[in-house]
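Since the structure comes first, as structure tokens, the remarks are kept for the end.
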Amino acid sequence: SPRMWMSVRDGADSFSIGVSASPDGDVWSDPVFATGLPADTASPVISWYNGRYVGWFSVWQDDAWWLARAESVDGLDWHDLELVEALPGGSSKAAPPRTAILTQVRGGFEVDHLLVLEEPVLERRQRFGARSPRSEDHREA
């Protein structure tokens, strides 16, 4: 059945990831909270890749929002979280950056990721699972 991942905010600028399911795409369940992610995780972008869910999130840490990546077998319990990079313009805890990741498999092992931020637009190509981006693969548009 279809699922939807969302940012859930309590009244005090604290964020969590909620997961809702629907048998028909019209009526949705109350969200269930994802586990294994740090407090103040928001803006989920989830894809299915090679038999598992790959999630990209905004994570508040050290007074800034960071782009983070994690994996899950069931889409609820996340593991292997890694902070990828600090997000520009993300200095307000009350307003997590809304990221979008476009993932395309290339040759079975390489994956392209397009990270779109409000301003500026940032494009990045990196190998799937890379621990840090390579500077020669980065350009601003």
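The values are calculated or read from the model by the stated rules, or taken from the named source; none is laboratory data. Every value quoted in this text rests on a predicted model; they were computed, and no experiment measured them. Cβ placement follows ideal geometry from the backbone for every residue including glycine, while neighbour counts extend to all protein chains displayed. The protein model used for the area step is the full one, side chains on, heavy atoms only, and it has no ligands, DNA or RNA in it. Shrake-Rupley method; radii C 1.70, N 1.55, O 1.52, S 1.80 Å.
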Report task. Would you list the strands (runs of 3 or more DSSP E) that sit entirely within the stretch 74-118 and hold 2 or more residues that are at pLDDT below 75, open to solvent by 60 Å² or more (accessible area, probe 1.4 Å) and more than 15 Å from residue 56 (Cα to Cα)? Result -> 101-106
Report summary line: Among (1) closer than 17 Å to residue 99 by Cα; (2) in contact with a Pro (Cβ under 9 Å, 6 or more places away or on another chain); (3) open to solvent by less than 30 Å² (accessible area, probe 1.4 Å), residue 20 falls short only on (1)
Report summary line: Considering the stretch 38-67, residues that are among the aliphatic types (A, V, I, L, M) and either more than 9 Å from the chain's Cα centre (by Cα) or closer than 15 Å to residue 79 by Cβ (or both), and then whichever is surrounded by the fewest Cβ atoms within 10 Å (Cβ to Cβ), we arrive at 39
